[in-house]
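Before any comments, here is the structure.
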Amino acid sequence: MYVDTEQKFRHVSQLPHLHVLSRPSQRPLWCICALKGSSAHQVSHCSQQNHRNLLQKHFSSLSLLESSFKMSRIIVYSQDGFGGQSAEFNHDVRDKQEKGFNDPIASIKVIGKPWVAYYDKDFAGWMRMFEQGEYAMLEDRGRFSSFKMVTADLANPEIKLFEHSNYGGRSVTLFNESNFPGINFNDEASSHIVKGGVWVLYEHTNRRGAQLIAFPGDRIPSYGPYHFNDAISCVRPLLPMQ
Ligand SMILES: [Ca+2]
């Protein structure tokens, strides 16, 4: 997609699946590539017409991605089994009470992109990942206050975990879901660096217990503030939707 003014560019650049590649000099044009599935279709350096042709080829998939982004939403309910009061959100919620939802949240439905739910407002405190699906009974019933849609690129997941804080001691680099007893790293991790993807870090093996969510580019020098030191027993990356 080409956009011809900076104002329009600012609007488009807020869409998470668009990445600016280059701005051809002397031309008021921005060259942007679309992410299709897990792979980025990069536009090679060539003439303007070739850019246009390449981008037009991907325009339909881009439109689909954009509509899937717009359709993504979370629906929260005040009772188990999707009963009672409900509210639907398609943008991040810093504080559910601010949005007029004062009841405790007992069940959740997610459509489209995953969401992270936080115990405290402003995306703070304990957190839990909710991927597309229906959650009729919540382990954390009544605890959630804020919600953030996961818009980060899920392609090429890679996380490096360290035995000590400040990225010290032994380390392990992971690309797939792993239970830590199997890789001799159980209850040892104290810091991490995320090279790619969105990761869920679990207190217990087999995706159980408390969670810590890690985003691309994250550098967490210490798990102390998250009460997660020497506690992680399992990690998994989110997978792109098919
Ligand atoms: Ca440690």
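Here the condition is being touching a Ser or Thr at 6+ places or on another chain (Cβ under 8 Å) and not aromatic (Phe, Trp, Tyr); of 152, 136, it holds for 136 alone.
Specify which of the listed residues (219, 207) is at positive phi, more than 16 Å from the ligand (Cβ to nearest atom), of a type in the set (Lys, Arg) and under 18 Å from the mean Cα position of the chain (by Cα).
207
Of all residues in the stretch 77-85, at least one satisfies being at pLDDT 95 or above, farther than 16 Å from residue 143 by Cβ, part of a helix (DSSP H, G or I) and small (Gly, Ala, Ser). So, of the residues in the stretch 181-195 that are out of contact with any Leu (no Cβ under 9 Å at 6 or more places or on another chain) and more than 17 Å from residue 215 (Cα to Cα), which turns out to be farthest from the ligand (Cβ to nearest atom)? Among them, the one singled out is 182. Restricting to the stretch 152-175, name every residue that is among the polar types (S, T, N, Q) and either within 9 Å of the ligand (Cβ to nearest atom) or surrounded by fewer than 16 Cβ atoms within 10 Å (Cβ to Cβ) (or both). Within the stretch 152-175, 156, 165, 166, 173 meet the criteria.
Yes/no per residue for (1) surrounded by 14 or more Cβ atoms within 10 Å (Cβ to Cβ); (2) modelled with pLDDT of 95 or more:
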| position | (1), (2) |
| --- | --- |
| 100 | no, no |
| 108 | yes, yes |
| 111 | yes, yes |
| 119 | yes, yes |
| 127 | yes, yes |
| 139 | no, no |
| 142 | no, yes |
| 146 | yes, yes |
| 149 | yes, yes |
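Checking the condition in contact with a strand residue (DSSP E or B) (Cβ under 6 Å, 6 or more places away or on another chain), surrounded by 12 or more Cβ atoms within 10 Å (Cβ to Cβ) and modelled with pLDDT under 95, which residue from 61, 68 passes?
61
The values are calculated or read from the model by the stated rules, or taken from the named source; none is laboratory data. Keep in mind the model is a prediction, meaning the values are calculated, not measured. Every residue, glycine as well, gets a Cβ built from its backbone with ideal geometry; the counts of neighbours run over all protein chains shown.
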